[in-house]
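The structure under discussion appears below in the form of structure tokens.
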Amino acid sequence: MKNKDLISIAKKFGTPTYIYDAEKIKKQYDRLINSFKSVKNLKINYAVKALSNISILKYINKLGAGIDTVSIQEVMIGIKSGIPVDKIIYTPNGVSIEEIQRVAKMGVNINIDNLNILEQFGSSNPEIPVCIRINPHVMAGGNSKISVGHIDSKFGISIHQIPLLLRIVKNTNIKVNGIHMHTGSDILDIEVFIHAAEILFQTASKFKDLEFIDFGSGFKVPYYPGDNETNIEELGDKLSKRFNEFCKSYGRDLILAFEPGKFLVSEAGNFLCSVNSIKQTTSTVFAQVDTGFNHFVRPMMYGSNHHIENISNPSDSERFYSVVGYICETDTFATNKRISKIYEGNILNFKNAGAYCFSMASNYNSRFKPSEILFYNNKAVEIRKRENIDDLLKNQIELEF
Ligand SMILES: *Cc1c(COP(=O)(O)O)cnc(C)c1O
């Protein structure tokens with residue numbers, strides 16, 4: 001997408017707004033498929049929580065992917081978008097046995113990460129096969145909030161509890177059709193990932209009815225020029241080889257599954273906002289924009305460094321700006337960042353706004369959630385309207401005093 005496309009979208013639909021480039025999503029999807037082309041059965045399940053707009057789900061399903069879900073509501077949106085239940089996997093953590101049973105009854109593949117839940121589920125539904133989420137205790141991930149594979153993580157069944165797991169499987173007579181891990185976001189070292197994969201293979205060899213092995217996700221994408229990214233091609237090379245060897249020793253071709261969220265949609269996203277005012281203090285020049293952590297929380301929540309461009313005035317000389325929001329609380333998007341000279345009314349583009357941006361947006365300060373636009377076949381189409389005052393009041397019950 002070019003700057004002039006973005007500017008005309010901002011003019012037509014207003015700011016703040018999210019724009020997703022369909023072509024970039026497809027490019028990432030193809031890249032992943034190509035990296036693993038030597039694996040006979042590859043399955044990509046898009047992690048819905050990254051960006052859950054129904055049109056995005058439809059588009060990604062059309063590319064060939066299924067979905068990975070973490071709540072019954074994500075399952076419902078997935079089904080509504082037309083994705084068949086056998087292309088949906090449900091990987092909850094800390095949800096009730098009732099919700100798990102309801103999702104299982106819908107025909108969705110269940111991924112269980114808790115021995116206590118497995119025992120209950122296996123006792124009452126031994127006829128429904130399940131996938132087991134293992135915690136290989138490999139430290140990966142960009143920060144402690146997204147690193148979920150370490151020793152004291154709440155996710156997965158510890159590899160130290162495999163004997164107990166096997167006993168529960170035997171006693172309940174439940175069929176295990178998949179082994180899964182998801183070690184967290186931001187994997188940079190391929191060897192660390194392969195190390196975790198070896199642990200998964202060792203575990204998988206103990207189960208006789210497997211149909212797939214799911215390696216989760218955690219692919220890192222670059223957030224600013226010069227930033228690191230997971231070398232997908234190298235990972236594809238090394239893991240495919242090991243996976244094919246494993247299938248040989250297992251005696252059957254299994255499915256290799258992944259559930260990327262960020263990798264597929266992060267770089268496809270642009271978030272456009274307008275500069276309300278420039279405020280110069282004794283130490284800092286602030287660019288104050290018409291949004292805040294209500295719409296875009298990653299910089300505040302994870303310390304993410306999103307590249308910011310002034311698309312209204314891209315070729316002027318650069319100055320240092322702190323880009324801040326309009327929320328009545330500290331909401332700093334960037335501190336002393338070089339951006340080409342900003343004037344009031346200019347439009348800023350926050351890059352990598354596809355994953356965990358709109359899906360984490362709130363109505364804090366009683367602001368409307370932004371619109372979402374899909375740029376598809378060189379055309380911008382709205383896939384979510386900007387909210388209005390009726391949306392804010394919709395479920396509120398007004399008492400008379
Ligand atoms: C969040 C999540 C993913 C996606 O992670 P990304 O870093 O966005 O690729 C995959 N699997 C599970 C189980 C998740 O919770």
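The values are calculated or read from the model by the stated rules, or taken from the named source; none is laboratory data. Please read all numbers here as calculations on a predicted model, not as lab measurements. Note: ideal-geometry Cβ built from the backbone for every residue, glycine included; neighbour counts use all protein chains shown. With ligands, DNA and RNA removed, areas are computed over all heavy atoms of the protein, side chains included. Shrake-Rupley method; radii C 1.70, N 1.55, O 1.52, S 1.80 Å.
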> Could you list, in sequence order, the residues of region 48-71 that are in a helix (DSSP H, G or I) and open to solvent by 10 Å² or more (accessible area, probe 1.4 Å)?
Replying inline: 49, 54, 55, 58, 59, 61, 62, 63
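Would you say residue 313 is open to solvent by less than 20 Å² (accessible area, probe 1.4 Å), under 20 Å from residue 9 (Cβ atoms) and modelled with pLDDT of 95 or more?
On the way: open to solvent by less than 20 Å² (accessible area, probe 1.4 Å): no; under 20 Å from residue 9 (Cβ atoms): yes; modelled with pLDDT of 95 or more: yes.
No; evaluated as a whole, the condition is false for this residue.
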> When the residues of region 164-180 are filtered to those that are not in a helix (DSSP H, G or I) and not polar (S, T, N, Q), which remaining residue is farthest from residue 247 (Cα to Cα)?
Replying inline: 174
> What pairs can you find where one residue is in region 246-265 and closer than 15 Å to residue 40 by Cα, the other is within 15 Å of the ligand (Cβ to nearest atom) and not in a loop (DSSP other than H, G, I, E, B), and their Cβ atoms are less than 6 Å apart, with a gap of 6+ or different chains?
Replying inline: 254/212; 254/213; 255/43; 255/212; 257/43; 257/212; 257/214; 258/44
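To keep it simple, each residue is scored yes or no on (1) open to solvent by less than 10 Å² (accessible area, probe 1.4 Å); (2) of a type in the set (S, T, N, Q).
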site	(1), (2)
292	yes, no
295	yes, no
300	no, no
330	no, yes
347	no, no
353	yes, no
357	yes, no
367	no, no
>> Looking at 263, 193, 215 in this structure, which one is open to solvent by less than 10 Å² (accessible area, probe 1.4 Å), within 16 Å of the ligand (Cβ to nearest atom) and at pLDDT below 95?
In response: 193
> How about region 150-186: which of its residues are of a type in the set (Val, Ile, Thr) and either within 16 Å of the ligand (Cβ to nearest atom) or touching a residue at least 24 places away in the same chain (Cβ under 8 Å) (or both)?
Replying inline: 157, 159, 162, 168, 169, 172, 174, 176, 179, 183
> Of all the residues that make up region 37-53, how many are more than 15 Å from the ligand (Cβ to nearest atom) and either out of contact with any strand residue (DSSP E or B) (no Cβ under 8 Å at 6 or more places or on another chain) or of a type in the set (Phe, Trp, Tyr) (or both)?
Replying inline: 3
>> For region 42-62, which positions are more than 17 Å from the chain's Cα centre (by Cα) and within 22 Å of residue 373 (Cα to Cα)?
In response: 62
> If residue 281 passes every condition in (1) within 30 Å of residue 184 (Cα to Cα); (2) open to solvent by 30 Å² or more (accessible area, probe 1.4 Å); (3) β-branched (Val, Ile, Thr) but one, which one does it miss?
Replying inline: (1)
> Counting just the residues of region 92-123 that are touching a Gly at 6+ places or on another chain (Cβ under 9 Å) and of a type in the set (S, T, N, Q), which one comes out most open to solvent (accessible area, probe 1.4 Å)?
Replying inline: 114
> Does region 37-46 contain any residue that is assigned to a helix (DSSP H, G or I), surrounded by fewer than 20 Cβ atoms within 10 Å (Cβ to Cβ) and of a type outside the set (D, E, K, R)?
Replying inline: no
> How about region 335-375: which of its residues are in contact (Cβ under 8 Å) with a residue 60 or more places away in the chain and polar (S, T, N, Q)?
Replying inline: 346, 349, 352, 359, 362, 363, 365, 371
